[in-house]
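As structure tokens, the structure follows; a few thoughts come after it.
The values are calculated or read from the model by the stated rules, or taken from the named source; none is laboratory data. For clarity, every value in this text was computed on a predicted model and none was experimentally measured. Note that each Cβ is placed from the backbone with ideal geometry, even for glycine, and that neighbours are counted across all protein chains shown. Surface areas here come from the heavy atoms of the whole protein model, side chains and all, with no ligands, DNA or RNA. Shrake-Rupley method; radii C 1.70, N 1.55, O 1.52, S 1.80 Å.
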Amino acid sequence: LIQTCVAVIKTAGSEINSDLVTSLITLAEDDTKCRFFLEHGLHTVLFSNLDAGLYSLEKEEDELKSAKELMCEFLAMVTSSALLEEISLPLLLSWLKKDDILCSTAFLILGNLCTSDENTEAIATPEFVDGAIEKLSNRNKAVRHALLGCIRNCAVNPKSRDLLVSKDLGSHLLVISADIDDPGLMQKLVSILRLLALCSDTVARKVGEEETFIEKLVHMGKIENQFSAALGQLNVETGRLFSTVIVKTQNPAIMRTVLDKSGLPHLLSLLSSPHLVMLNQAVLPLCLLFTLDPLPSNLYTQVTPEVVTKILGILEIKKPADGYRMVHENVLK
């Protein structure tokens with residue numbers, strides 16, 4: 001069946017049936033079937049056709065997406081399980097300078113390819129990072145989602161993260177944050193900043209001194225009647241970012257800024273996590289906040305007996321023993 005469908009797409013040229021492509025996209029969601037498309041070389045046909053501008057941007061009245069948009073979505077699905085050597089990096093990088101549809105598709109595929117340190121370092125070259133930073137000014141939502149997702153995946157790798165820091169990515173992200181109101185986009189941006197701050201005192205300090213940015217994150221997390229998974233994830237990432245900034249800088253002025261801008265509830269919310277790392281990200285900044293002299297009033301009012309009980313409850317967690325030992329020490333501090 002897949003072989004027949006591949007043959008149809010190869011011979012159909014620009015005259016492609018949107019219902020067929022939609023069905024194939026659903027089929028490609030299965031990783032095992034996705035490999036069949038790759039083995040039959042469909043991705044090379046799609047790359048070639050899209051690069052040549054074969055598919056139309058026109059939409060029928062009853063269609064939500066054009067043929068070009070559908071084929072780009074299909075290509076992203078087909079290549080989601082591809083190996084780096086099966087993809088032409090030069091071609092993808094050339095798409096970053098083309099229209100928004102090809103650009104967002106390229107960033108999406110490149111981000112999906114960051115499955116190992118070797119792959120990530122092959123993708124995150126100085127030239128790629130320069131191009132990605134230049135694209136941050138593009139306000140197209142699909143481009144920004146794919147771009148920030150790709151950069152976030154690159155930032156997981158320590159070597160690539162150092163390169164991003166050296167290119168002053170943190171400053172560029174803080175600038176574009178001013179016009180981002182979508183929780184999903186902001187969550188990706190905050191996640192990148194947290195990763196950069198982990199390895200850079202300079203980035204951590206810049207974030208901590210950016211009062212308007214801190215205030216905006218807190219405000220976005222308080223939007224009522226609009227709760228979504230993206231908003232929940234943004235609040236978690238905001239708490240983790242505040243934690244990283246406090247621990248990395250240990251700067252009393254920055255600590256007071258986070259408190260003054262109502263950032264403490266984001267830190268305390270991490271105490272509900274079952275994960276070791278996030279529990280420590282809640283407890284360790286609290287250790288530092290309670291060294292402030294005089295203690296800010298909201299530490300008295302918001303670190304309630306219920307919160308203290310929750311913190312003490314961490315001591316009841318005994319496994320894994322080696323992993324929780326450090327968290328237990330911070331709880332006792």
Task: Folded to 0 to 90 degrees: helix 126-135 orientation relative to the chain principal axis, Cα - done: 90 degrees
Task: All Cα pairs of the stretch 209-328, percent lying beyond 26 Å - done: 19 percent
Task: Listed peptides 9-21, 299-311, 89-101, 277-289 by packing density, highest first (mean Cβ within 10 Å) - done: 277-289, 89-101, 9-21, 299-311
Open item on the list: Give me log10 I(q)/I(0) at q = 0.08, 0.11 Å⁻¹ for the chain, Debye formula, one equal scatterer per alpha-carbon, no solvent.
Closed with: -0.47, -0.80
- [ ] Take the alpha carbon gyration tensor of the stretch 32-171, find the square roots of its eigenvalues, order them as a ≥ b ≥ c, and report rounded if a/c is under 1.5; if not, report prolate when a/b exceeds b/c, else oblate.
- [x] oblate
TODO: Pairs of Cα atoms under 8 Å, at least six residues apart: use those to get the relative contact order of the chain, whole percent.
DONE: 10 percent
Task: Cα-based shape type of the stretch 94-224, given that a ≥ b ≥ c are square roots of the gyration tensor eigenvalues and the cut on a/c is 1.5 - done: oblate
Task: Ordering of 66-72, 173-179 by burial proxy (mean other Cβ atoms within 10 Å per residue, highest first) - done: 66-72, 173-179
Open item on the list: Compute the angle between helix 2-12 and the longest alpha-carbon principal axis of the chain, please, reported from 0 to 90 degrees and rounded to the nearest 10.
Closed with: 70 degrees
- [ ] Please give the per residue accessible area of the stretch 237-277, computed with a probe of 1.4 Å over protein heavy atoms only, in Å².
- [x] 37 Å²
Task: Set K98/K188; K98/K206; K216/K310; K135/K248; K10/K98 screened for pairs whose C-alpha atoms are more than 25 Å apart - done: K98/K206; K216/K310; K135/K248
- [ ] Between V277 and S297, take the C-beta separation as r, use R0 = 30 Å, and let me know the FRET efficiency to the nearest 0.05.
- [x] 0.50
Open item on the list: Given the DSSP H assignment, sum -39500 (n - 2.57) over each helix run of at least 4 residues in the chain and divide by its residue total; what's the result at 222 nm in deg cm²/dmol, nearest 500?
Closed with: -21500 deg cm²/dmol
Task: Summed residue charge, Cβ within 12 Å of P158's Cβ, Lys/Arg positive, Asp/Glu negative - done: -1
Task: Centre separation in Å (Cα based) which lies between the stretch 154-218 and the stretch 54-104 - done: 28 Å
Open item on the list: Considering only protein heavy atoms and a probe of 1.4 Å, how much of the accessible area of the chain is carbon and sulfur, as a whole percent?
Closed with: 54 percent
Open item on the list: Keeping all protein chains in place and using 1.4 angstrom, which order do F128, F36 fall into by accessible surface area, from largest down?
Closed with: F36, F128
Task: P(r) of the stretch 1-78 over all Cα-Cα pairs, binned every 10 Å from zero, in whole percent - done: 19, 59, 21, 1
Open item on the list: Using only the alpha-carbon atoms, how far is helix 141-155 inclined from the longest principal axis of the chain? Give it as 0 to 90 degrees, nearest 10.
Closed with: 60 degrees
Task: If the convex hull is drawn through the Cα atoms of the stretch 144-292, its volume per residue in Å³ - done: 104 Å³
Task: Principal axes of the stretch 201-260: Cα extent on each, largest first, Å - done: 35, 17, 15
- [ ] Rounded, prolate or oblate: pick one for the stretch 284-333, where a ≥ b ≥ c are the square roots of the eigenvalues of its C-alpha gyration tensor, a/c under 1.5 means rounded, and failing that, prolate if a/b is larger than b/c, else oblate.
- [x] oblate
Task: the stretch 94-133 - convex hull of the alpha-carbon atoms, volume per residue in Å³ - done: 59 Å³
